[in-house]
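Report on one structure; see the data block that follows.
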Amino acid sequence: MSKEYYNKNTEEFYKNTINAKMNETYDIFEKYLKGNKILDLGCGSGRDSLYFLNRKYNVTALDVSENLAKKASNLIGQEVIIKDMLDIDYISEFNGIWACASIIHIKRNDILDMFKKSYNALEEEGIFYSSFKYRDSDYEKCGRSFTCFKEEGMEDLLKLTDFKIIKIWKTTDVRPGRDTEYWLNILLKK
C-alpha cells in the first residue's frame, strides 16, 4: 500500500517534491476559488499547504502517512490531520479542495466514491482540483499503486458525478529530470 511507501521514504519524497514549481496550476485554481477555506487532500510534503497559507487561505491539511504528516506539520506550522482520504466525511466545509497527485493512489474502483466525498465536502460553487499520471493503464511501482487517466476516461468517469467540468488539461511534470512524464489535471465545480 502507498502509505507504507511514504512512511519508509519520507525524506526522499520530501526532497523530490518540496521545490516543485506549481505556480501555473495555483493560478488556475485561485482564479476560480471563491472563499478562503481549502482542504489539501493528501498534502504530502506540505508544499502546497504552505503556499496557500502564505497567501492567507485557511487550510486544512490531511495525509494518510504519519511520517509525511509530521514533516508537513513542521513545515506549515500547524497540525496535519492523519487520515485516509477515503474516510473523509466533511459536509459543505470548504471552498476548494486541492488534491495534487494524491487521489492517484486510490484504487480505480474507489475513485468515484472519492469524488462523491469531495463533492459533499465542498460548499456550493466550491472547486475541486486533482491530478493523475497521464497514461492509459494503472500500474504499481515500489509499493505504490497509481490510478491513471487520459481525457476520455476521465470525462466518462465525471459523467457519473454531479461535478461540472471547468477545465481538463495535460501538463509536463515540473520536477527536475521528469520532463518526459505527463499529468492529467482536472478542475471541477460543485
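Observations, loosely collected:
- In region 130-161, of all residues being closer than 18 Å to S102 by Cβ and hydroxyl-bearing (S, T, Y), the one that is nearest to the chain's Cα centre (by Cα) corresponds to S130.
- Contact map, region 117-134: residues that are closer than 20 Å to D48 by Cα paired with residues that are of a type in the set (K, R), Cβ distance under 7 Å, separation 6+ or inter-chain. Pairs shown: L122/K190; G126/K190; I127/K189.
- Sole exception among (1) part of a loop (DSSP other than H, G, I, E, B); (2) modelled with pLDDT of 95 or more; (3) within 14 Å of L184 (Cβ to Cβ); (4) of a type in the set (D, E) for D136, by number: (2)
- Any pair with Cβ under 8 angstrom, 6 or more apart, that starts in region 1-15 at a residue that is loosely packed, with under 14 Cβ neighbours inside 10 Å and ends at one that is modelled with pLDDT of 75 or more and hydroxyl-bearing (S, T, Y): M1/S145
- Residue pairs meeting the criteria (Cβ under 6 Å; at least 6 apart or on separate chains; first closer than 12 Å to C148 by Cα, in region 97-112; second in a helix (DSSP H, G or I)): I103/M114; H105/S2; I106/M114
- Close pairs (6 angstrom Cβ cut-off, 6 or more residues apart or separate chains): under 14 Å from L41 (Cα atoms) in region 65-85, basic (K, R) anywhere: S65/K3
The values are calculated or read from the model by the stated rules, or taken from the named source; none is laboratory data. It should be emphasised that the depicted structure is a prediction, and the values quoted were computed from it without experimental measurement. Note: ideal-geometry Cβ built from the backbone for every residue, glycine included; neighbour counts use all protein chains shown.
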